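The values are calculated or read from the model by the stated rules, or taken from the named source; none is laboratory data. Every value quoted in this text rests on a predicted model; they were computed, and no experiment measured them. All Cβ positions, even for glycine, are placed from backbone atoms using ideal geometry, and neighbour counts span all protein chains on display. Note: accessible area is taken over every heavy atom of the protein model, side chains too, but ligands, DNA and RNA are not part of it. Shrake-Rupley method; radii C 1.70, N 1.55, O 1.52, S 1.80 Å.
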Amino acid sequence: MSRIIRKLSNPMYIMIYATVGIFLAIYGAGAWAYGDRGFLTLRTFVNMFIDNAYYGISAVGMTMVLITGGIDLSVGAVASLTGMFIAYGTTILHIHPAVCIAFSLVVGVGLGLLMGWVIEYLNVPPFITTLTGMFLARGVCSLISRESINIQHSMIDSLAGWKIYFMHQVNGNWVKVKPIAFVNFNVILFLVMIVIGTFILQRTRFGRNIYAIGGNEQSARLMGLPVARTKILVYGFNGLCSVLAGLSYALYVKSGWNLSLQGAELDVITCAVIGGTLLTGGVGSMIGTLFGVLLKSIIPALITFNGHLLSWWGKIATGVLLLLFICIQGIVVSWSGRKRSA
Amino acid sequence: MKNSKILGAVMAEVLLLLVCLMIRPDFFSISYQPSTGMLYGNIIDILNRSSEITIIAMGMTLIIALGGTDLSVGALVAVAGAVALKLLRWDVLEYNTPGDYTVCNFFWVLVLPLVVCTLMGMFNGFLVAKGGMQPIIATLILMVCGRGVAQILTDGKQFTTGYAPFKVIGQGAFLWLPVPIIITVVVVAFMAWFTRKTAFGTFVEAVGINRSASRLSGINAAMIIFIAFAITGLLSGISGLIYSSRIMSNDSNNAGLNYEMDAILAVVIGGTSMTGGKFSLAGTVIGSILIRTIVTLVYYFGIVSEATMAFKALIIAVVIVLQSEPVRKYFAKRKGAAKS
């Protein structure tokens, strides 16, 4: 019993408890205030996933990058570039979307690997490298087109329109839940990515290496872990996540625009941080990130339900949440440090 | 060796100017416009337009030398504009007579935005110095919140003003030069004096190289960090006044957008390392001018403004790769081999 308690009081879990606890508290407050207006319905809950799936997909890769102690500012621009490739390719060049997506994957993963290589072998700080990557992707995006392009293709339409409705049994017949709630391709992709991310981090050697590098890069090198390969692959994987996020965003808005998702990289980082990932590296988890995304998406939902507040309050609330979480992190880190030294 | 990092940026700048000269033989020509009492020319324009970034980058240099970054400067630019225009707008609403734009003294229109921005900079500084947070995260808070605050201050509206004294800051002339250039020169001169003629610059470098060692040798590291963030807040406020005076309006969504990125790039191109330690204000000025020159050059090729980012990225990538440690070591080795 005491072993279980000791295991559960690991600082890493405490951050997850904090995230989940604050999410439940805010959800409960929302239910108390707007429960009669339908805040508690399944539809409201599922919509938080639908509206933020692209952030979540990107946050999976970002969490890994942050755990290694790095940062990636290029994700928003790469996602926007993906949307632009798909829109320009299908609507103007009449190429099959599958080809466009494959091309985007090559470009996104390639750029990620290149940035990882520059960070590892040229010793350029991740912040600067990925900032340059962001400028490059955004610039290329603007070179392709400055106007918003609609995506018109039957495959994209069917992919975006694909839904699984929540059903329940009434008098022996399966009927749709009222108000109608469904999950779409984006939500499935988001959840699959979370599962894949959890598997990589918790169950593979690659994942252990990620934590080891974040904990202490020099020790990891001295232990003979493949630091260079792991770091480069992490940035490559994040490139993959950015492209998938771009695909999911393209399905969500069905268009490509060179200025879409501006500043998304910092929203994604915010999701990861309120999900308990430490920017100094070494600590973080996918479950935390999942709840970080939910926590960030519940604020706009509450503001919508309130109906009187300006949407700007959402930004301020997010900032306050961020401050709160960093304070909790600081306390947890100093507390666990004291415990270890005692 | 000390100046070798700046040398790269200077060479890149000279090269870019030569390319400009090849495309436009009259690139360096400067003409005088008696109606505005101002000199016009491409060089003047580059200096004028780079002033917002240069001013912010002065503070950013200190923060990067301390081993941190400040992401909130762009949001502070928006806040400064919102506060200034709010003060100017009140008067329009209450009096509605042209020429009588301000209830409160114009002095306060200039000072209050700067005070608000300095306080926000102090908030960042407090979180980093006393709270022990990572600068990137501590300033991310205001980066996220700041634009929200600016929107709430102005009720999400965009005000315009025609108040002539306010126009001078961004569009006026002094000594035949645009006022932003004069402000930049004053700020750069002050920062150069403050960091090189007082002990502050040395303290910053000491804290940036090793915070605990500098604390043990008697430097109040927390106070140095706090002051650096407060200065950056103040400078962002000045930059925000220039920006909002240029457009004679506040734009909480777009004012100062990506300024933090440009300022950090200017500092890094100027040879100050992101890991902290030694810094070069002169390098930062050159870095900022270099970024603006790239934008000007790209306009000459008739390329849309958003796409300048791609070219910016390419040139910056070249400068940064040339500055990176392994590449410099490689060249140093070759130089040594050639000598022996």
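The sole residue among A:Ile5, A:Ile50, A:Ile26 that is open to solvent by less than 60 Å² (accessible area, probe 1.4 Å), over 16 Å from A:Leu295 (Cβ atoms) and assigned to a helix (DSSP H, G or I) is A:Ile50. Within the range A:112-135, restricting attention to residues that are among the aliphatic types (A, V, I, L, M) and within 7 Å of another protein chain (Cβ to nearest Cβ), the residue that is farthest from B:Leu265 (Cα to Cα) is A:Leu122.
Residue-by-condition table, conditions (1) in a helix (DSSP H, G or I); (2) touching a helix residue (DSSP H, G or I) at 6+ places or on another chain (Cβ under 7 Å); (3) among the β-branched types (Val, Ile, Thr):
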{"residue": "B:Val168", "(1), (2), (3)": "yes, yes, yes"}
{"residue": "B:Pro180", "(1), (2), (3)": "yes, yes, no"}
{"residue": "B:Val187", "(1), (2), (3)": "yes, yes, yes"}
{"residue": "B:Gly201", "(1), (2), (3)": "yes, yes, no"}
{"residue": "B:Val204", "(1), (2), (3)": "yes, yes, yes"}
{"residue": "B:Ile224", "(1), (2), (3)": "yes, yes, yes"}
{"residue": "B:Ile238", "(1), (2), (3)": "yes, yes, yes"}
{"residue": "B:Ser252", "(1), (2), (3)": "no, yes, no"}
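Take the residues of the range B:315-328 that are open to solvent by 40 Å² or more (accessible area, probe 1.4 Å) and more than 7 Å from chain A (Cβ to nearest Cβ): which is nearest to B:Met261 (Cα to Cα)? Don't jump to the end; show me each part of the working.
Here is the first cut: in the range B:315-328, the ones open to solvent by 40 Å² or more (accessible area, probe 1.4 Å) are B:315, B:318, B:321-322, B:325-326, B:328.
Retained after the next criterion (residues that are more than 7 Å from chain A (Cβ to nearest Cβ)): B:315, B:318, B:322, B:328.
Numbers: B:Ile315: 15, B:Val318: 17, B:Leu322: 20, B:Arg328: 25 Å.
Result: B:Ile315.
Only residues that are exposed (fewer than 12 other Cβ atoms within 10 Å of the Cβ) and within 12 Å of chain A (Cβ to nearest Cβ) were counted in the range B:293-314, giving 2. Is it the case, given these coordinates, that A:Met62 is assigned to a helix (DSSP H, G or I) and surrounded by 24 or more Cβ atoms within 10 Å (Cβ to Cβ)? So A:Met62 passes the test. Cβ-Cβ distances below 6 Å connect no pair with a first residue in the range B:136-153 that is at positive phi and touching a residue at least 12 places away in the same chain (Cβ under 8 Å), a second residue that is of a type in the set (A, V, I, L, M, F, W, C) and not in a helix (DSSP H, G or I), and a separation of six or more residues or different chains. Whether a residue is buried (at least 21 other Cβ atoms within 10 Å of the Cβ), within 14 Å of another protein chain (Cβ to nearest Cβ) and either small (Gly, Ala, Ser) or part of a helix (DSSP H, G or I) (or both) was assessed, and B:Thr195 does not pass this test. Given (1) of a type outside the set (A, V, I, L, M, F, W, C); (2) open to solvent by 10 Å² or more (accessible area, probe 1.4 Å); (3) in a loop (DSSP other than H, G, I, E, B); (4) under 30 Å from B:Phe107 (Cβ atoms), where does B:Ser273 come up short, assuming only one miss? With (1) of a type outside the set (A, V, I, L, M, F, W, C); (2) open to solvent by 10 Å² or more (accessible area, probe 1.4 Å); (3) in a loop (DSSP other than H, G, I, E, B); (4) under 30 Å from B:Phe107 (Cβ atoms) applied to B:Ser273, the lone miss is (4).
If I go through the range B:126-162 residue by residue, how many of them are under 30 Å from B:Met38 (Cα atoms) and either open to solvent by 30 Å² or more (accessible area, probe 1.4 Å) or within 11 Å of chain A (Cβ to nearest Cβ) (or both)? Please lay out each step first, then the result.
Of the residues in the range B:126-162, the ones under 30 Å from B:Met38 (Cα atoms) are B:158-162.
Still in the list and also either open to solvent by 30 Å² or more (accessible area, probe 1.4 Å) or within 11 Å of chain A (Cβ to nearest Cβ) (or both): B:158, B:160, B:162.
Going through the range B:126-162 one residue at a time, the tally reaches 3.
Figure legend. Inter-residue proximity from the range A:319-336: first residues facing chain B (nearest Cβ under 8 Å), second residues open to solvent by 20 Å² or more (accessible area, probe 1.4 Å) and part of a helix (DSSP H, G or I), beta-carbon distance below 7 Å, spacing 6+ or different chains. Indicated pairs: A:Gly319/B:Val144; A:Leu322/B:Val144.
Matching residues to (1) farther than 18 Å from A:Leu113 by Cβ; (2) small (Gly, Ala, Ser):
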| site | (1), (2) |
| --- | --- |
| A:Phe199 | yes, no |
| A:Phe206 | no, no |
| A:Leu233 | no, no |
| A:Ala250 | yes, yes |
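For the range A:148-163, the condition holds for at least one residue, the condition being that it is modelled with pLDDT of 85 or more, within 20 Å of A:Val253 (Cα to Cα) and within 14 Å of chain B (Cβ to nearest Cβ). Could you tell me whether any residue of the range B:279-286 is closer than 30 Å to B:Arg196 by Cβ, more than 7 Å from chain A (Cβ to nearest Cβ) and not in a helix (DSSP H, G or I)? Checked the range B:279-286: at least one residue is closer than 30 Å to B:Arg196 by Cβ, more than 7 Å from chain A (Cβ to nearest Cβ) and not in a helix (DSSP H, G or I).
Criterion applied to A:Thr280, A:Thr304, A:Thr289 was being closer than 30 Å to A:Phe103 by Cβ, of a type in the set (Val, Ile, Thr) and either more than 12 Å from chain B (Cβ to nearest Cβ) or part of a loop (DSSP other than H, G, I, E, B) (or both), and the one residue passing it is A:Thr289.
Residue by residue through the range A:201-213, note down the ones that are open to solvent by 10 Å² or more (accessible area, probe 1.4 Å) and closer than 13 Å to A:Gly284 by Cα. Across the range A:201-213, the qualifying residues are A:Gln202, A:Arg208, A:Tyr211, A:Ala212. Of the residues making up the range A:250-284, those that are of a type in the set (Ser, Thr, Tyr) and either over 30 Å from B:Gly132 (Cβ atoms) or open to solvent by 10 Å² or more (accessible area, probe 1.4 Å) (or both) are A:Tyr252, A:Ser255, A:Ser260, A:Thr280. Scanning the range B:218-246 for residues that are open to solvent by less than 10 Å² (accessible area, probe 1.4 Å) and of a type in the set (S, T, N, Q) yields B:Thr232, B:Ser236, B:Ser239, B:Ser244, B:Ser245.
Identify all residues within the range A:71-86 that are open to solvent by 10 Å² or more (accessible area, probe 1.4 Å) and more than 23 Å from A:Cys100 (Cβ to Cβ); write none if there are none. Correct list: A:Ile71 only.
With respect to the conditions (1) within 30 Å of A:Tyr165 (Cβ to Cβ); (2) open to solvent by 10 Å² or more (accessible area, probe 1.4 Å), A:Ala245 falls short on a single one, namely (2).
The residues of the range A:217-236 that are in contact (Cβ under 8 Å) with a residue 60 or more places away in the chain and either closer than 30 Å to A:Ile50 by Cβ or surrounded by fewer than 16 Cβ atoms within 10 Å (Cβ to Cβ) (or both), listed by number, are A:Ala228, A:Val234, A:Tyr235, A:Gly236.
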